[in-house]
Amino acid sequence: MSADSNARAALLMVASMALFAVEDAFIKLLGAGMGVGLLLILTGLPGAAIFWVRLRLRGQRMFTRDIRRPVVLLRTLGEIVGAVGFVTALARGDLAATAAILQVLPLALVMGGALFLGETVGWRRWLSVILGFAGVMLILRPGTQSFDPVLLWAVAGVFGLALRDLATRLVPRELPSDVLSGAAYGAIVPAGAALMLVGGEIAAMPSAVEWAYVAGTVVFGVSGYGVMVAALRMGEASMVAPFRYARLAFALIIAALLFGERPDGLTLAGSALIAGAGAYAMWREARLRGGRSAIGGLMRASRRRDRR
């Protein structure tokens with residue numbers, strides 16, 4: 001791919017991260033006036049509806065026997081844990097700290113792939129994992145007066161999303177992505193209802209402003225996803241993937257301007273450590289995957305020449 005394509009892809013990736021950061025801000029604004037259970041229902045229903053319409057337009061169904069496969073159920077469980085953890089942390093904790101902890105997800109995937117999927121991970125990426133989680137500990141600071149237990153929901157969200165992504169690698173390729181995504185969004189709705197029952201939340205009709213926030217969450221979330229896919233298709237993964245960490249910069253700006261958050265030095269240091277370690281791990285993995293693909297292509301070409 002050309003340098004121009006990579007540059008445009010990098011800009012698109014940065015734009016998608018800005019859209020996701022705005023989506024996070026809408027979720028936090030919603031959390032200020034409603035319970036987490038209702039928030040999950042209001043964000044899960046539109047997401048499930050979007051994927052249901054996409055499938056219907058192609059003559060496909062969302063609710064089939066395939067979504068009852070054990071690996072799909074495991075993926076859906078990870079989606080539920082991730083959504084509950086991340087939304088709770090956003091609604092009840094600091095946006096900047098929550099966004100920073102979320103950025104350790106790629107490192108959690110590296111660790112999970114090595115421990116549970118038998119993937120080979122070299123010492124450089126293991127060092128990145130250690131440094132990234134050290135950054136999380138700098139933000140959390142357990143045992144000190146600065147410790148905020150709400151942020152543990154963000155940690156739980158990371159491991160839920162890691163479970164989702166690791167399970168996705170085991171899902172048969174013939175199963176459409178829209179079925180997986182729609183089923184996951186649909187599962188968030190009963191999870192939200194269960195939280196309402198357990199927590200004793202009162203199901204109050206959202207105000208006009210809250211409905212606007214819901215619309216903003218859906219619009220910016222779906223737009224961010226579309227722009228991100230375009231970026232990944234346009235540029236090389238090794239060049240584009242590290243720009244995912246622009247989301248953290250946008251989150252810090254929005255947290256300061258909109259919510260008046262002022263992260264202290266240790267939180268900023270932990271955020272920088274997570275971003276640096278994660279960006280390196282993503283770049284390293286993309287380079288390794290590219291190298292393996294190139295070697296595989298050369299071997300296939302050699303076998304074709306031998307058969308001639």
- Query: Would you say Leu140 is modelled with pLDDT of 95 or more and touching a helix residue (DSSP H, G or I) at 6+ places or on another chain (Cβ under 8 Å)?
  - Reply: yes
- Note on the structure: Here the residues within the range 189-202 that are among the small types (Gly, Ala, Ser) and closer than 15 Å to Thr43 by Cβ are Ala191, Gly192, Ala193
- Task: Given the conditions (1) closer than 26 Å to Val198 by Cα; (2) touching a residue at least 12 places away in the same chain (Cβ under 8 Å), report the number of the one that Val71 does not fulfil.
- Result: (1)
- Are there any pairs with C-beta distances below 8 angstrom linking a residue in the range 1-17 that is basic (Lys, Arg) to a residue that is part of a helix (DSSP H, G or I) and at pLDDT below 85, with the two at least 6 apart or on different chains, and if so which? Arg8/Met234
- Query: If you go through the range 178-196 one residue at a time, do you hit one that is under 17 Å from Arg68 (Cβ atoms) and of a type in the set (S, T, N, Q)?
  - Reply: yes
- Note on the structure: Considering residues that are of a type in the set (D, E, K, R), surrounded by 16 or more Cβ atoms within 10 Å (Cβ to Cβ) and closer than 26 Å to Leu30 by Cβ, the number found within the range 241-289 is 3
- Item | Residues of the range 115-154 satisfying the condition of being among the hydroxyl-bearing types (Ser, Thr, Tyr), surrounded by fewer than 17 Cβ atoms within 10 Å (Cβ to Cβ) and closer than 22 Å to Ala279 by Cα | Thr120
- Query: Of the residues Gly200, Gly278, which single one is touching a helix residue (DSSP H, G or I) at 6+ places or on another chain (Cβ under 7 Å) and small (Gly, Ala, Ser)?
  - Reply: Gly278
- Only one of Thr98, Thr168 is surrounded by 23 or more Cβ atoms within 10 Å (Cβ to Cβ), of a type in the set (S, T, N, Q) and closer than 30 Å to Val198 by Cα; which? Thr98
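Every residue, every condition in (1) under 26 Å from Trp283 (Cβ atoms); (2) free of Cβ contacts under 8 Å to residues at least 24 places away in the same chain; (3) surrounded by fewer than 16 Cβ atoms within 10 Å (Cβ to Cβ), yes or no:
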{"site": "Ala156", "(1), (2), (3)": "no, no, no"}
{"site": "Leu161", "(1), (2), (3)": "yes, no, no"}
{"site": "Gly186", "(1), (2), (3)": "no, no, no"}
{"site": "Gly200", "(1), (2), (3)": "no, yes, yes"}
{"site": "Val214", "(1), (2), (3)": "no, no, no"}
{"site": "Val227", "(1), (2), (3)": "yes, no, no"}
{"site": "Met239", "(1), (2), (3)": "yes, no, no"}
- Query: Before we move on, is Gly47 surrounded by fewer than 20 Cβ atoms within 10 Å (Cβ to Cβ) and either at pLDDT below 85 or not in a helix (DSSP H, G or I) (or both)?
  - Reply: no
- Item | Of all residues making up the range 1-41, the number that are farther than 21 Å from Trp283 by Cα and part of a loop (DSSP other than H, G, I, E, B) | 4
- Report yes if some residue within the range 215-233 is part of a helix (DSSP H, G or I), of a type in the set (Gly, Ala, Ser) and at pLDDT 90 or above; otherwise report no. yes
- Item | Condition check for Val209: of a type in the set (Val, Ile, Thr) and crowded, with 19+ Cβ neighbours inside 10 Å | no
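The values are calculated or read from the model by the stated rules, or taken from the named source; none is laboratory data. Keep in mind it's a predicted model, so treat the numbers as computed, not measured. A quick note on method: Cβ atoms are made from the backbone with ideal geometry, for glycine too, and the neighbour counts reach across all protein chains shown.
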